[in-house]
Amino acid sequence: MTVGARVILACRDMEKAEAAANEIRTKTGNQQVIAKKLDLADTKSIREFAENFLKEEKELHILINNAGVLLCPYSKTVDGFEMQFAVNHFGPFLLTFLLIERMKESAPSRIVNVSSLAHCLARIRFEDLQGEKSYHRGLAYCNSKLASILFTRELARRLQGTRVTANALHPGSIVSELGRHLTILIFLGKLLTFFLKTPQEGAQTSVYCAVAEELESVSGKYFSDCKPAYVWPQGCDDETAKKLWDVSCELLGIQWD
């Protein structure tokens, strides 16, 4: 499924995306690695990306919803959504919805959602889903990652029998720019580099979920360090997962049966 694969890097920062694509092409010799513009904080950008993708690409076997934001101050997207919940949940939810039929046509296919161990501290509060009444940047991040777990769980249930699987994962603590919004994280990241994963190491579980042969029929699970991991009780609540699905569809203005 991956030999000579055509790889599309869907990114917000095109300068960094082009540099990454060029590096991959150089190191692997695979010239079918390209960068495309996608901003998960903007539903218009998501729809434009999906529309162009469906026009240009006939198959989609692997979708890795990896992009995210961490601990940013309270702000809203152009669509009026709280930034962390929008980028970490609404964006991947909408993108997956727009591409799911192509994935069914291309089956066997896999959807991989990058979540976090931080879901253990979260709780979905439907009365204040986007922190408009009370906002804590840490809890907002945790809640968005719990949403990823619940999305994966409900998605896997709905995809039964389609040969499209959906799994979530915790990538680990990685040396990256994700903690750019908190000076203390930048400081600790430099101080604790020895204990943190490199970006290459942090990508291993995503790659494992995307291509491991033994996972071909595995769906609705959560992984860490390339093996099944414990999901906290709030991530196993089917009723909450279904309600979050319905609320997400309503807020995004879509019908996903």
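Read-outs throughout are calculated quantities, based only on the coordinates presented, and are distinct from any laboratory measurement. Note that the structure is a prediction, hence the values are computed from the model and not measured. Positions of Cβ are backbone-derived with ideal geometry, glycine not excepted, and every protein chain shown enters the neighbour counts.
Here are the numbers:
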{"quantity": "Among Trp256, Thr205, His119 - extreme Cα towards positive end, dipole of the chain, charges at beta-carbon", "calculated": "Thr205"}
{"quantity": "Proximal lysines relative to Lys242, as straight alpha-carbon distance under 24 Å, when same-chain residues fewer than 8 apart are discounted", "calculated": "Lys104, Lys133, Lys145, Lys221"}
{"quantity": "Dipole moment magnitude, nearest 20 debye, region 51-252 about Cα centre, only Lys, Arg, Asp, Glu C-beta charged", "calculated": "380 debye"}
{"quantity": "Computed over region 71-174, the ratio Rg/Rh where both radii use C-alpha atoms and Rh is Kirkwood", "calculated": "1.01"}
{"quantity": "Karplus (6.51, -1.76, 1.60) ³J(HN,Hα), θ = phi - 60°, over region 216-231, in Hz, Gly and Pro reported as x", "calculated": "4, 10, 8, 8, x, 10, 10, 10, 8, 6, 6, 8, x, 10, 6, 9"}
{"quantity": "Helical segments meeting 18 Å axial Cα length and Kyte-Doolittle 0.5 threshold in the chain (DSSP H)", "calculated": "91-105"}
{"quantity": "Ellipticity estimate at 222 nm from DSSP helix runs (n ≥ 4, -39,500 (n - 2.57)) divided over the chain, nearest 500", "calculated": "-12500 deg cm²/dmol"}
{"quantity": "All lysines inside 17 Å of Lys37 as judged from Cα atoms, apart from same-chain residues fewer than 8 positions distant", "calculated": "Lys16, Lys55"}
{"quantity": "Long-range tail of P(r) for region 51-252 (Cα pairs > 30 Å, %)", "calculated": "20 percent"}
{"quantity": "Counting DSSP beta bridges with both ends in the chain, the antiparallel % (nearest 5)", "calculated": "15 percent"}
